[in-house]
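Notes follow once the structure below has been shown.
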Amino acid sequence: MDPTKLLEADHRQVEDLFEKIDRAEGDDRMPYIDELTTSLRAHMALEETVLYPAMAPVTGEEAVEEANTEHELARKALQDVIDLAPDEPGFGAALEAAKAGISHHVEEEEDEVFPELRKNSTVLEEIATPFMSKRLELGLPMKAEALAAGWSKEELLYEAKNAGVEGAASMKKEELAEALSSVMTPA
Ligand SMILES: [Fe+2]
Ligand SMILES: [Fe+2]
């Protein structure tokens, strides 16, 4: 199982929320800002507790330190967005600053950190189980496409049976991912 595929799906969701905030006006922004802060905080907590502590042997200590620092900056930037939302003067600038900092960090993860980890899959295999339980505990969604991209059919079948999905044995890969996504995603 490749946990980084689920993390990438989270990143796409964050980008989507930034766009929705951009397009909305005034109070209509609030539900998207809430969703953005909740999901981003959970995503960062997941990376900090499960992924970052395990990756130093592959990426080096410096990459871990850099990632943690960027999370701290992202938290501050998010707080500025919340403090000024939905339309205090400076809200637009705070939003742009948060978006720029977060997209820089996301690029670094997807272009440097994740590819390095994939070359050395032992780390990813080792964290797979704690990653999934922490994810569930934090209430982060599991998108079907992300599950299908990150897991083999055998892995999906194994998880689906564990989760009590009916008729799992006769399902195709996409159907397994769909079924697992609906059991594992909080309502
Ligand atoms: Fe991330
Ligand atoms: Fe991160």
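Of note:
- Computed about its Cα centre, the charge dipole of region 99-187 is approximately 300 debye, with only Lys, Arg, Asp and Glu carrying charge at their Cβ.
- Size descriptors for region 66-132: radius of gyration and Dmax over Cα atoms are 15.9, 49 Å.
- In nm, spacing of pseudo-spin labels at MET30 and LEU136 (7 Å Cα→C-beta vector): 3.4
- Column: log10 I(q)/I(0), Debye, Cα scatterers of region 1-101, q = 0.19 Å⁻¹: -0.93
- Ranked by solvent-accessible area (1.4 Å probe, protein heavy atoms only, all chains present), the residues ILE127, ILE82 order from largest to smallest as ILE82, ILE127.
- Reference-scaled alpha-carbon Rg (2.2 N^0.38 Å with N residues) for region 1-51: 1.28
- Residues in region 119-133 reached by a label modelled at ALA163 [backbone nitrogen below 13 Å; 7 Å Cα→Cβ]: 132-133
- Sum of side-chain charges, MET171 neighbourhood, beta-carbon under 15 Å (Lys, Arg +1; Asp, Glu -1): -3
- Farthest toward the positive end of the dipole of region 1-75, out of MET30, VAL58, ASN68, is the Cα of MET30, where the dipole comes from beta carbon charges about the Cα centre.
- Sites GLU96 and GLU154, calculated FRET efficiency, Cβ-Cβ separation with R0 45 Å, nearest 0.05: 0.50
- Over 22 Å between alpha carbons, listed pairs LYS20/LYS143; LYS5/LYS172; LYS76/LYS134; LYS5/LYS173; LYS5/LYS119; LYS119/LYS143: LYS76/LYS134; LYS119/LYS143
- For the peptides 104-116, 40-52, residues were scored by their other Cβ atoms within 10 Å and the scores averaged per peptide; the highest-first order is 40-52, 104-116.
- Charge dipole (the chain, unit charges on Cβ, about Cα centre) - positive-most of ALA128, LEU46, LEU157: LEU157
- Whole-Hz ³J(HN,Hα) from phi, Karplus 6.51 cos²θ - 1.76 cosθ + 1.60, for region 118-134, glycine and proline x: 5, 5, 10, 5, 4, 4, 5, 5, 5, 8, 3, 5, x, 4, 5, 6, 5
- Rounded tilt (10° steps) of 153-162 against the dominant C-alpha axis of the chain: 90
- Overall form of the chain per C-alpha gyration tensor (a/c, 1.5; a/b vs b/c): oblate
- Of the solvent-accessible surface of the chain, computed with a 1.4 Å probe over protein heavy atoms with every protein chain present, carbon and sulfur atoms account for 51 percent.
- Within region 50-159: Cβ-based charge dipole about Cα centre, in debye rounded to nearest 20 (Lys, Arg +1; Asp, Glu -1): 440
- Nearest-20 debye value, the chain charge dipole, Cβ charges on Lys, Arg, Asp, Glu: 780
- Where the chain is the region considered: accessible area per residue in Å², 1.4 Å probe: 52
The values are calculated or read from the model by the stated rules, or taken from the named source; none is laboratory data. Keep in mind it's a predicted model, so treat the numbers as computed, not measured. Please note: Cβ atoms are built from the backbone with ideal geometry, for glycine as well, and neighbour counts cover all protein chains shown. All accessible areas refer to the heavy atoms of the entire protein, side chains included, with ligands and DNA or RNA removed. Shrake-Rupley method; radii C 1.70, N 1.55, O 1.52, S 1.80 Å.
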